[in-house]
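The values are calculated or read from the model by the stated rules, or taken from the named source; none is laboratory data. Remember, it's a predicted structure, so these values are computed and weren't measured experimentally. When we count neighbours, we look across all protein chains shown, and the Cβ atoms used for this are built from the backbone with ideal geometry, even at glycine.
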Amino acid sequence: MGILHDDVVVMSPPDKEGDPTVITVNCPDKLGLGCDLSHILLSFGLCISRVDFATDGKWCYIVMWVIGKATTRWGLVKKRLVGACPTCSSASGISYYREELQHPPKPPNVFLLKFCCHDRMGLLHDVTEVLCELELYIQRVKVSTTPDGKVLDIFFITDTRELMHTKRRQEDTKEHLRVVLGDEVVCDIEEVDIEVTGFSQASTFLRSAITDEAFNFENPDKDGICNSVSMDNSLSPSHTLIQIVCRDYNGLLYDLMRTLKDYNIQIAYGRGTTKQNGNCEIDLFVVQADGKKIVDSSKQSALCSRLSNELIQPLKVAVVSRGPDTELLVANPVELSGRGRPLVIYHVTLALKSLNICVFSAEIGRHNIEHRECEVYRFLLNEGDCISVPREKIEKTVWQTLMGWE
């Protein structure tokens, strides 16, 4: 018999306010499942305080203790988690991998959202918040301010609900935007070919000055958060133990799972817990894609180094000069599958809004930085606002907001 669809993901609400919601996932296993699930939770702005997971290579059982918000739509969270799990078939037994995992998935339809309205403080963040609440994923953005105080914003978006081709979904999106932008906003949505967005083009390189100085992923900065990453092959006859101790932050589990997925590392058993002092302790028993332990010392060293670098600098933030102008740069490494961390633009614009800094223009693009593909967010900041706020404070505030330490 196959497992009932409703039992794939089970949510147990907290006994009292402030306690975590317990999410249990019981489904066939696949490489990268933990990455996919943690990406979904992160996209809803949820924090994972504890996680236990176990698998025999065919079936997995995951329990996550998740801290939500008053506005969290738990029913929608469950729907997205179920959609990420491999399916089961009561007729043919367990289906370990869905068909789409064996064939490249069809790229999502891309839509061009453009609007014009009067500029004001925090406008970009308010728009980003609306799009996130509507489950619209921002692929690229071009924001510019005209001399007469108006903004022309162009967003390339995809729809998680896959309904943007319908008139009802488009009108609902426009109505939500009018609530925050005013009735005078001029708004339009249309579907575009993926070639128009430039997604299919090869990544370009940033100028060497930016690459070498602002986005150096090899050297941890003063805000590094990782304490230790170690491996041990003596505690299990068939698995390698990876032990991690680091400061907890928003998206830690996703960054860890993303890295292991990129290295084709399968987790057999794992446990992670956030301590009262803010540190997180994680133990993972893993195997390689061939089902064997990691015994090669060079492979061990490479994986430990990569994990350490990822947890030290999951994102990179820099404030640089462009002549008389000030530019904020944020680099977000993407998975080998091409997917980046969610809600980056939301948290960056939230930080700028808290500092009362207006964004004159903004862009999101894909670039190769030190042989890694990254989403690079570029914000040209209002010159008058930046004079009263030190650049070090801008950088620190953005970094702490992204890490969830604000």
Check on L336, outside the structural domain of L256 (by TED's automatic domain parsing) and surrounded by fewer than 13 Cβ atoms within 10 Å (Cβ to Cβ): yes
Qualifying residue in region 340-350 (condition: outside the structural domain of G34 (by TED's automatic domain parsing), farther than 23 Å from L42 by Cα, surrounded by 19 or more Cβ atoms within 10 Å (Cβ to Cβ) and touching a residue at least 60 places away in the same chain (Cβ under 8 Å)): no
Output for region 108-150, where each listed residue is of a type in the set (V, I, T) and either at pLDDT below 90 or under 17 Å from the mean Cα position of the chain (by Cα) (or both): T128, I138, V141, V143, T145, T146
Enumeration of residues in region 45-67 that are buried (at least 20 other Cβ atoms within 10 Å of the Cβ), farther than 22 Å from Q266 by Cβ and touching a Cys at 6+ places or on another chain (Cβ under 9 Å): V66
Options E310, E281, E327: the member that is within 23 Å of C47 (Cα to Cα) and either crowded, with 16+ Cβ neighbours inside 10 Å or assigned by TED's automatic domain parsing to the domain that holds Q139 (or both): E310
Residue match in region 226-243 (condition: at pLDDT below 95 and within 21 Å of the chain's Cα centre (by Cα)): yes
Every residue from region 56-84 that is assigned to a loop (DSSP other than H, G, I, E, B), more than 23 Å from P28 (Cβ to Cβ) and not aliphatic (A, V, I, L, M): G68, K69, T71, T72, R73
Pairs with Cβ under 6 Å, 6+ apart, first in region 147-171 and outside the structural domain of E135 (by TED's automatic domain parsing), second acidic (D, E) and at pLDDT below 95: none
Residue check, S38 of a type in the set (S, T, Y) and either farther than 25 Å from T160 by Cα or modelled with pLDDT under 95 (or both): no
Condition met for I357 (surrounded by 19 or more Cβ atoms within 10 Å (Cβ to Cβ), modelled with pLDDT under 90 and either out of contact with any Pro (no Cβ under 6 Å at 6 or more places or on another chain) or polar (S, T, N, Q) (or both)): no
Any pair with Cβ under 7 angstrom, 6 or more apart, that starts in region 247-267 at a residue that is in the same structural domain as L303 (by TED's automatic domain parsing) and ends at one that is of a type in the set (D, E): D255/E310; R258/E335; T259/E310; K261/E335; D262/E335
Residue match in region 368-387 (condition: assigned to a helix (DSSP H, G or I), at pLDDT 85 or above and not assigned by TED's automatic domain parsing to the domain that holds L124): no
